[in-house]
Every structure is written in structure tokens, then in C-alpha cells.
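Peer 1: Sharing a structure, written as C-alpha cells. Questions coming.
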Amino acid sequence: MSDGIGQQPIKDLMHGDYIAFPETATVREALDFIRFSETKPRILYFYVVDDDNKLTGVVSTRMLLTAKLEARLNDVADHRVRCIRQEAELMDVMADFVVHKYLAMPVVDGDKHLVGIIDATSLTENVADIMERDQVDEVFEAIGYRVSQISGASPLKAFRLRFPWLLASVAGGLLSAVMTSRFEHVLAVALVLSFFLTLILGLGESVSMQSMTVTIQALRHRKPTLKWFTREAMKELGTALLLGLGCGVLVGGVVWLWQKEVAPALVVGGSLVLTLVTANLVGLFIPSALHALKLDPKIASGPLALTISDLFTISIYFSLASFVLG
């Protein structure tokens, strides 16, 4: 569900297990019908419709049992019935159930014809199933392709779909290797720095992916503006500084205790602070930029964010090492 769980059309989740009576029916006729028909347990309310099947009211079980037998349903029904348009989205319907404490709600078309029912049970069951499918889709989209694209695909088609995104990682890895080779003199002076390169790269990628995921979720429900981007960037900057300081002090302390040298500890700790700040901003900027360019940020953001984050990490790490170690 590429548009997100909140945008699922409610008509896909409604069911037809309901009973609707004509306005002219009496309470006795309604009770007789219910008594001799196979009423399903999931039916919670009974609905009143006119000759054109337009919804005009709702009758609860309590109303039927306490009303006079010869009373017409149109007289005992609650005509302030709240209904859902079949075009409504799941998030809006969920809000109605939570706010009004409904057990079931009727679904109508544009002319208010009764077309189905959505109840709390079917809602929660379908939401759980949709969320599970959505999570699977998001995992695959983050690495560059959709489940629907590869499901049942031949090996050659799967290769064509997946290989272009791997090229981004291959290109990033080759550039990282070239950049690292330019700092051989730094590694020769402090070999201990090579021990922590994988750790710093991994933390940078993790923070970048976290920031990217949060940004993509936000972009599902709003149009990005410069004001929104600035606000989010300041928030991400604050979070990244705290994450960087926490990881930097911890890992830098380990390096100092292990090597008994201040310089390598400063390089590793300081690099973590700068790297995590940069990775967080990369995770925010990449999907925002792709969205502004009318591209799908869920498909392209993962490979691009990881590659760019790695390049910044290596540049920051060895540049700081060159500055501190001379």
C-alpha cells in the first residue's frame, strides 16, 4: 500500500452483513424477521431506508425491544445517524470510532444509498493485516524496489530491477576506497583508526536510515515547504548532536582507555559527533529533495542516503585525523 495505511479507502474494508428495514415496517415485523432469519452475530445495529434504499435512520436492539410493537420504525429510529462515505480514508474512520465509541457505522455512496457496514472488529483485523503488509513493503522499498515488482518475477527481471540500485552501493564503495587510499599516511601514523572505521560507518548509516524513515513518513501526510524543512532540520540537528555526543564520549573513552593516547580518542569521538550530525541531515535532505523533484522517495532514498552518508563519514573521519595527528 504505497500511499500509507491512513489512505486506505474504507470501501475496501466494509462488509455486507447488515439488516435494513423499510421506513414503513413496524417493530413487530422487524422482530419477526429477525427471529426467523439467520441473523449473523456481527450485526449490531439495524438500519432504516426509504424506497430508494437511502439511509434515513438507525435502530439499536434496545430500541426494538422497548418500542411498541405496532410503532413504525421510522418513528422510533434515530435519524441523527452518522455514516461514512465510501470514498473516506481509513485514518478518518478510525478517528470516528475512537471519538464516538461506535461499534459499527454504515457506509453510503454519494447519494446516501446504503452500500455496506464497517464495524470495530473488521476494522482492527484489517488494520493489523494492512500494517503487516505495509511493513514488509517498506523494508523492500528502503533498499530500492517494491515487493509487487519482484513477486513472481523471473530471475532476469528480478536482476534488472535490483541491479541498478546495487550499482549505487558499488559506486559508493569504490569512491570510499579511493578516498581512503588518499589517507594512507594517516593510517600509517595511527593504525588504531582503521579499527574503528567500520563502527563509525555503521553508526552513520543507522542514523541516516532512521532520519530518512521518519522523513518519508512525514512526507506521506504533508507537502514539504521551506518552513517545514527548516523546522525539521533544526529538530534533527538537536537530536543528532545529542546522539553524536553520547556515542562520541562513549567510544572515545574506550579508545583512550585502550590506547592511553588522547589524539586517537579525540579523532574517533569527534568524528562520531560530526558524522552523526551529517548523517541525520542527509537522511532528511535526500527524501525531501526527491519528493520536491516528483520522484518516489521510498524507492530511491535508501541507496542514495547510505552512499552519500558513507562518503561524508570517510571524508570527515580522515580529514579530522589529518588535522589532529598532523
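The values are calculated or read from the model by the stated rules, or taken from the named source; none is laboratory data. Computed from a prediction, not measured in an experiment: that's the story for all the values here. Note: ideal-geometry Cβ built from the backbone for every residue, glycine included; neighbour counts use all protein chains shown.
Peer 1: Kindly indicate whether Ala88 is modelled with pLDDT under 85 and either out of contact with any His (no Cβ under 7 Å at 6 or more places or on another chain) or surrounded by fewer than 12 Cβ atoms within 10 Å (Cβ to Cβ) (or both).
Peer 2: Details: modelled with pLDDT under 85: yes; either out of contact with any His (no Cβ under 7 Å at 6 or more places or on another chain) or surrounded by fewer than 12 Cβ atoms within 10 Å (Cβ to Cβ) (or both): yes.
The answer is yes for Ala88.
Peer 1: Sticking with this structure for a sec: For residues that are among the hydroxyl-bearing types (Ser, Thr, Tyr) and either at pLDDT 75 or above or within 23 Å of the chain's Cα centre (by Cα) (or both), scanning just the range 91-123, find the one that is surrounded by the most Cβ atoms within 10 Å (Cβ to Cβ). Give the steps one after another, and end with the answer.
Peer 2: As a first pass, look at the range 91-123 and keep what is among the hydroxyl-bearing types (Ser, Thr, Tyr): 102, 121-122.
Keeping just the survivors that are either at pLDDT 75 or above or within 23 Å of the chain's Cα centre (by Cα) (or both) gives 121-122.
On the way: Thr121: 13, Ser122: 16.
In this case the residue turns out to be Ser122.
Peer 1: Within the range 244-256, track down each residue that is farther than 15 Å from Ile316 by Cβ and either free of Cβ contacts under 8 Å to residues at least 60 places away in the same chain or surrounded by fewer than 19 Cβ atoms within 10 Å (Cβ to Cβ) (or both).
Peer 2: Applying the first criterion (farther than 15 Å from Ile316 by Cβ) to the range 244-256 yields 245-246, 249-250, 253-256.
Correct list: Leu245, Gly246, Val249, Leu250, Gly253, Val254, Trp256.
Peer 1: Report every pair of residues separated by at least 6 positions or lying on different chains whose Cβ atoms are under 8 Å apart, first residue within the range 32-61 and of a type in the set (Val, Ile, Thr) and assigned to a loop (DSSP other than H, G, I, E, B), second surrounded by 15 or more Cβ atoms within 10 Å (Cβ to Cβ) and modelled with pLDDT under 85.
Peer 2: Qualifying pairs under 8 Å: Ile43/Asp17; Ile43/Tyr18.
Peer 1: With the structure loaded, tell me whether Pro287 is in the same structural domain as Ile314 (by TED's automatic domain parsing) and either modelled with pLDDT under 85 or not in a helix (DSSP H, G or I) (or both) or whether it fails that test. Quick ask: steps written out before the conclusion?
Peer 2: Numbers: in the same structural domain as Ile314 (by TED's automatic domain parsing): yes; either modelled with pLDDT under 85 or not in a helix (DSSP H, G or I) (or both): yes.
For Pro287, the condition - in the same structural domain as Ile314 (by TED's automatic domain parsing) and either modelled with pLDDT under 85 or not in a helix (DSSP H, G or I) (or both) - is met.
Peer 1: Quick check on the range 75-85: of everything there that is surrounded by fewer than 18 Cβ atoms within 10 Å (Cβ to Cβ) and more than 36 Å from the chain's Cα centre (by Cα), which residue is farthest from Tyr18 (Cα to Cα)?
Peer 2: Selected residue: Asp75.
Peer 1: Does Thr275 qualify as being buried (at least 23 other Cβ atoms within 10 Å of the Cβ) and polar (S, T, N, Q)? Break it down into steps so the answer makes sense when it comes.
Peer 2: Details: buried (at least 23 other Cβ atoms within 10 Å of the Cβ): yes; polar (S, T, N, Q): yes.
When the stated conditions are applied, Thr275 passes them.
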